[in-house]
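Some notes on the structure that comes next.
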């Protein structure tokens with residue numbers, strides 16, 4: 001696997017972000033065209049509405065399956081990084097750190113993690129700023 005850094009750490013899954021999203025969007029557009037045709041021709045509107053409902057539900061399923069997986073992983077990262085902070089300092093992580101900051105700090109090596117966490121609080125660094133400050137990048141190769 002390629003060495004991870006700030007420039008290449010984001011992940012796009014072509015089958016999900018490309019094929020699946022495009023497919024659901026196509027189905028949704030087709031379903032609404034079908035519904036418009038049903039209204040214009042006084043055809044079976046009930047079936048057209050059902051197809052639209054299924055297309056919308058499919059879109060929600062696709063969206064929330066990703067959203068829920070990321071939320072669960074964010075919670076796991078928060079616990080992992082809180083434990084890591086405790087192991088390095090024998091203190092609890094400062095509660096003023098926002099989740100986005102904690103998630104960004106996971107990329108910092110142990111040698112800069114604690115100092116960067118304190119800077120993030122004091123200077124109110126954004127996740128992007130934190131990532132840009134990291135010198136010893138620790139890759140996260142298991143992100144959903």
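A short reminder: the numbers here are calculations on the coordinates, not readings from a lab. Owing to the predicted nature of the structure, the values given are computational and were not obtained by experimental measurement. Every residue, glycine as well, gets a Cβ built from its backbone with ideal geometry; the counts of neighbours run over all protein chains shown.
Note on residue 20 and residue 78: the extension gain reaches 17.9 nm, defined as 0.36 nm multiplied by sequence separation minus the Cα-Cα distance. Classify region 14-133 as rounded, prolate or oblate from the Cα gyration tensor: take a ≥ b ≥ c as the square roots of its eigenvalues, call it rounded if a/c is under 1.5, otherwise prolate when a/b beats b/c and oblate if not. Note, shape of region 14-133 comes out prolate.
In the chain, the longest principal axis of the Cα atoms and the axis of helix 45-89 are about 10 degrees apart. Remark: relative contact order (the chain) = 25 percent; criterion is Cα-Cα distance under 8 angstrom and separation of 6 or more residues. Here the residues 122, 81, ranked from fewest to most Cβ neighbours within 10 Å of their Cβ, fall in the order 122, 81.
Working from Cα positions, state the angle (0 to 90°, nearest 10) between the long axis of helix 110-122 and the longest principal axis of the chain. Taking the Cα atoms of the chain, the angle to 110-122 is about 70 degrees. Shown for 131, 118: other C-beta atoms within 10 Å of each C-beta, ranked fewest to most, produce the order 118, 131.
Highest first, please rank the peptides 58-70, 11-23 by the mean number of other Cβ atoms sitting within 10 Å of their residues. Spell out each step's value before the answer.
Working: 58-70: 12.8, 11-23: 11.1.
Order by mean packing, descending: 58-70, 11-23.
Specify whether the C-alpha gyration tensor of region 85-137 places it in the rounded, prolate or oblate class, a ≥ b ≥ c being the square roots of the eigenvalues: rounded for a/c under 1.5, otherwise prolate if a/b is larger than b/c and oblate if not. Cα axes put region 85-137 in the oblate bin.
Estimated purely from DSSP H runs of n ≥ 4, each contributing -39500 (n - 2.57), the mean residue ellipticity at 222 nm for the chain is -21500 deg cm²/dmol once divided by its residues. Helix 21-40 sits at what angle to the longest principal axis of the chain, using alpha carbons and giving 0 to 90 degrees rounded to 10? Tilt of helix 21-40: around 30 degrees. Full extension of the segment from residue 61 to residue 111, taken as 0.36 nm per residue of separation minus the current Cα-Cα distance, would add 13.9 nm.
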